Amino acid sequence: MIIPYYSTSSINLIMRQPFRLRYSSLVSSKMPDFSSSSSSPSSSASPTVTTTTTTPTTTPTPIEKPKPWLLVGLGNPGKMYQGTRHNVGFEMLDALAEAEDISMSTVSFKALFGKGHIGKVPVILAKPQTFMNLSGDSVGPIVSYYKIPLKQVLVIFDDLDLPFASLRLLPKGGHGGHNGMRSIIKHFKDNRDFPRLRIGIGRPPGKMDAANFVLRPFNKQERQELDFTFQDGVEAIRTLLLEGFNKSATFVNSKKTLKQLN
């Protein structure tokens, strides 16, 4: 407690006053003034309120991996069919696998099967081992399992109606009497909107039956022409995957065969 100090003269002066004034004088003259004190509630600083803003957490959307292209070469399995006209689809795919260093040693989905990349594009290579007429039994399940859009399924096969060793790339179409294509379209529920690369094997000579003709091997000159065509076919497939259908079709549909160049 603070005891105020009063002089003798001050006390005598105050004591002569009435009590009410006496007390008032004592208080007003000597009691400390706290009205302007920093500890006064009226002058104390307002408490600081800290507001925390919570930023909502957003879960990043996972980036979906691109679907692979399915590249299918049609043919018949077994040594007796190797090197025949009906198996040029197999041979084209073999040429592509070799050029892109893609192993096809796995057997899956009733096919010789390989995975790899062309450029940065993921690809699946398949040679159905079901025999030609049942090709869809292999191709259909691959498409379903990997959920591949049909526009990314390229089927490579022989065509009697094209001049020998010529190529044609089409965005869609029918089976054209080809039993392998007929089977695939059936497994696609009659959807024909998928690209195909046709390799010309020419028409049978004279009155030879077409079924016998497609199982004939190539002579030396034909083999030389066909190997040249496979090189163009590999380039066409690369262009299709990396630069689009239109550019690939322009390239392949305007190419001349080795015989035409000579």
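The values are calculated or read from the model by the stated rules, or taken from the named source; none is laboratory data. Note that the structure is predicted; figures quoted are calculated from it, not measured. Glycine also receives a Cβ, built like all others from the backbone with ideal geometry; neighbour counts cover every protein chain displayed. These accessible areas exclude ligands, DNA and RNA; they are computed on the full protein's heavy atoms, side chains included. Shrake-Rupley method; radii C 1.70, N 1.55, O 1.52, S 1.80 Å.
The rows are residues; the columns are (1) in a strand (DSSP E or B); (2) open to solvent by less than 80 Å² (accessible area, probe 1.4 Å); (3) within 23 Å of V139 (Cβ to Cβ).
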{"site": "R192", "(1), (2), (3)": "no, no, yes"}
{"site": "L197", "(1), (2), (3)": "yes, yes, yes"}
{"site": "K207", "(1), (2), (3)": "no, no, no"}
{"site": "Q221", "(1), (2), (3)": "no, no, no"}
{"site": "Q224", "(1), (2), (3)": "no, no, no"}
{"site": "R238", "(1), (2), (3)": "no, yes, yes"}
{"site": "L241", "(1), (2), (3)": "no, yes, yes"}
{"site": "V252", "(1), (2), (3)": "no, yes, yes"}
Here are some residues: L154, L170. Which one is within 22 Å of the chain's Cα centre (by Cα) and either modelled with pLDDT of 95 or more or open to solvent by 40 Å² or more (accessible area, probe 1.4 Å) (or both)?
-> L154
